[in-house]
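We did not get these values from a lab; they are worked out from the coordinates using the rules stated. Since we're looking at a predicted model, the values are computed, not measured. Note that each Cβ is placed from the backbone with ideal geometry, even for glycine, and that neighbours are counted across all protein chains shown.
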Amino acid sequence: MANWVPLWLHRLGSPPVFYRFAGAVRPWALGLALALGAVALYAGLFVAPADYQQGDAYRIIFIHVPSAWMSLFIYGAMTLAAFVGLVWRIKIAEVVAMESAPVGAAFTFITLATGSLWGKPMWGTWWTWDARLTSELVLLFIYLGIVGLYHSFEDRRQGARAACFLVLVGAVNVPIVHFSVNWWNTLHQGSTVRLVGPSHIEASMLWPLLTMMAATKLYYIASLFARVRADLIASEGGKAWVRELLTREEGAA
Amino acid sequence: MNLAMGAYGFYVWTAVAVFLIVLLIDTLAPLARRRRNLRELRARIARQENRRRPGTPSSHESHP
């Protein structure tokens with residue numbers, strides 16, 4: 001591997017550097033997420049044609065499916081960060097893992113709520129104990145457990161370590177959520193969009209879906225970075241760089 | 001514009017509202033938390049400086 005890659009990563013491992021980097025990236029990620037999200041939502045709600053079976057109810061897909069992808073993607077990113085944090089004792093990695101959990105919980109909640117709103121008109125029920133729905137609900141509880149465990153310790157670092165361990169244990173649920181529609185006979189439909197092979201969806205419906213996927217990814221970066229910044233001020237409060245930041249903010253205010 | 005969404009207006013628009021409201025809260029919460037953390041840190045530093053100066057009343061020492 002090229003020498004500059006670990007060096008660059010190593011620099012980002014320093015809290016003040018990451019704080020500044022996150023502050024610089026966040027507004028751009030959020031702005032781009034809002035722009036792409038607005039385009040995707042408009043196209044999904046008004047431009048894309050109605051489904052031949054589900055009519056306009058299927059339009060919930062443009063919110064539900066990208067949110068569901070994010071609920072699993074964020075867990076993957078969080079697992080990677082927790083692993084790095086536990087093995088190499090990199091504080092920033094622990095903070096990234098911990099501050100990913102609330103965003104993941106938000107997307108999981110959106111997935112469950114919009115899925116319920118889609119299920120009622122299509123299946124005739126708000127909820128059923130189907131494998132996909134149940135494993136997604138378990139995912140929400142795992143996210144909430146991670147957030148709760150992190151905040152239940154007096155010492156933040158200790159809380160982060162314990163919760164990072166829970167992240168690794170809870171990762172077993174991610175493939176269960178993903179493959180539940182193949183492993184069990186579920187009311188929930190199978191995958192529409194596939195990474196390998198042709199997707200079962202028209203291009204006019206696919207592009208708003210993929211645009212929303214990009215928007216939610218960027219949104220995750222923006223939300224995560226805002227959270228990491230807030231976390232670092234509290235957890236690094238005693239350090240000189242935060243004190244300097246404080247005097248600078250006072251000067252600006 | 002197809003605002004009625006066939007017969008499914010309630011379901012589609014509620015889903016959109018849930019999406020936007022949850023993410024709005026998720027965006028605003030960390031910004032408020034960052035400001036609160038800065039304020040608390042400022043207060044902590046002020047207390048520490050009070051303690052260093054003898055003779056000044058240390059009134060707000062309830063939590064260390």
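When only Cα pairs under 8 Å and 6 or more residues apart are kept, what is the percent relative contact order across chain A?
Dividing the mean separation by the residue count of chain A yields 32 percent.
Hey, can you rank A:141-150, A:60-69 by average C-beta count inside 10 Å, highest first?
A:60-69, A:141-150
How much space per residue, in cubic angstrom, does the convex hull of the C-alpha atoms of the stretch A:147-253 take up? Let's see the in-between values first.
Numbers: hull volume 20.1 nm³, N = 107.
Value for the stretch A:147-253: 188 Å³ per residue.
Averaged over its residues, how many other protein chain Cβ atoms are within 10 Å of peptide A:98-105's Cβ atoms?
1
Share of Cα-Cα pairs in chain A beyond 32 Å, in percent?
The answer is 30 percent, as a whole percent.
Compute the relative contact order of the stretch A:1-105 as a whole-number percentage, counting only Cα pairs closer than 8 Å that sit 6 or more residues apart in sequence.
24
Given a Förster distance of 25 angstrom, what is the FRET efficiency for A:H10 paired with A:L246, based on the Cβ-Cβ distance and rounded to 0.05?
0.40
Report, ordered by chain and residue number, the lysines lying within cross-link reach of A:K239, taken as a straight Cα distance under 27 Å and ignoring same-chain residues fewer than 8 apart.
Within the straight-line limit of under 27 Å, A:K239 reaches these lysines: A:K91.
Enumerate the amide H contacts of A:H188 below 5 Å, restricted to partners 5 or more residues apart or on another chain; note that Pro and chain-start residues carry no placed amide H.
A:R132
So how do A:T192, A:T111 line up by other beta-carbon neighbours within 10 Å, fewest first?
A:T192, A:T111
What size of dipole, in debye to the nearest 20, comes out for the protein assembly as shown about its Cα centre when the only charges are +1 on Lys and Arg C-beta atoms and -1 on Asp and Glu C-beta atoms?
Rounded to the nearest 20 debye, it is 1320 debye.
Kindly state, as a whole number, the per residue volume in cubic angstrom of the convex hull around the alpha carbon atoms of the stretch A:170-222.
124
For the stretch A:173-215 and the stretch B:1-26, write down the distance between their C-alpha centroids in whole Å.
21
Once Rh is set to the Kirkwood radius over Cα pairs, what Stokes-Einstein translational diffusion coefficient, in µm²/s, holds for the stretch A:191-253 at a temperature of 37 °C and a viscosity of 0.692 mPa s?
The estimated diffusion coefficient comes to 214 µm²/s.
Can you give the average number of partner chain beta-carbon atoms within 10 Å of each beta-carbon in peptide A:110-117, as a whole number?
Partner Cβ neighbours, averaged per residue: 5.
How big is the gap, in Å, between the Cα center of the stretch A:4-68 and the Cα center of the stretch A:221-240?
Centre-to-centre distance over Cα atoms comes out at 21 Å.
Enter the angle in degrees (range 0 to 90, nearest 10) between the Cα long axis of helix A:156-170 and the first principal axis of the Cα atoms of chain A, meaning the one along which they spread out most.
Tilt of helix A:156-170: around 30 degrees.
What angle, in degrees between 0 and 90 and rounded to the nearest 10, separates the Cα long axis of helix A:131-151 from the longest principal axis of the Cα atoms of chain A?
The answer is roughly 20 degrees.
Provide the net charge surrounding A:S180, with neighbours chosen by a C-beta distance below 12 Å and charges set as Lys +1, Arg +1, Asp -1, Glu -1.
Details: positive: A:R132; negative: A:D130, A:E136.
Result for the neighbourhood of A:S180: -1.
Report, to the nearest 10°, how far helix A:203-235 tilts away from the longest principal axis of the Cα atoms in chain A, using its own Cα long axis and a range of 0 to 90°.
30
Averaged over its residues, how many other protein chain Cβ atoms are within 10 Å of peptide A:229-238's Cβ atoms?
The mean count of partner-chain Cβ atoms within 10 Å per residue comes to 5.
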